[in-house]
Amino acid sequence: MIDDVVPLDGNAAAGRLSDFFAFDVTLATIVCGACARKGPVAELRLYGRDTGMVLRCRRCDSVNIRALEYGTTANLDLSGAALISIQTGSG
């Protein structure tokens with residue numbers, strides 16, 4: 001990885017992630033599969049953009065989410081997340 005690259009926060013991934021989710025996923029809670037840190041997707045560190053991106057844990061820097069667009073196919077890898085949860089709004 002290039003040392004002078006400054007990551008953005010997970011909010012910057014909202015547009016790309018909207019291709020996969022019908023809700024604002026940055027509001028979802030994610031649990032890191034490596035260190036069990038729990039927090040909003042918006043707090044993950046974003047590397048990359050457009051056709052490929054990686055979202056990393058703020059605590060341990062493990063990859064939690066990967067997204068890659070290749071031609072007309074979009075791939076989403078959530079294997080680094082132990083859990084992603086959302087509030088449904090129903091009581």
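The values are calculated or read from the model by the stated rules, or taken from the named source; none is laboratory data. Since we're looking at a predicted model, the values are computed, not measured. With ideal geometry, Cβ positions are generated from the backbone for all residues, glycine too; neighbour counts draw on all protein chains shown.
Restricting ARG37, ARG58 to residues that are touching a residue at least 12 places away in the same chain (Cβ under 8 Å) and either among the acidic types (Asp, Glu) or more than 14 Å from LEU83 (Cα to Cα) (or both) narrows the list to ARG58.
Can ALA22 be described as without any contact (Cβ under 8 Å) to a residue 24 or more places away in the chain, out of contact with any helix residue (DSSP H, G or I) (no Cβ under 9 Å at 6 or more places or on another chain) and of a type in the set (A, V, I, L, M, F, W, C)? Yes, satisfied. Among the candidates VAL54, VAL6, the residue that is modelled with pLDDT of 90 or more and either assigned to a loop (DSSP other than H, G, I, E, B) or out of contact with any Pro (no Cβ under 7 Å at 6 or more places or on another chain) (or both) is uniquely VAL54. The residue that is surrounded by the fewest Cβ atoms within 10 Å (Cβ to Cβ), among those in the stretch 65-91 that are part of a strand (DSSP E or B) and of a type in the set (S, T, N, Q), is THR73. Scanning the stretch 35-59 for residues that are surrounded by 17 or more Cβ atoms within 10 Å (Cβ to Cβ) and of a type in the set (Gly, Ala, Ser) yields ALA42, GLY48.
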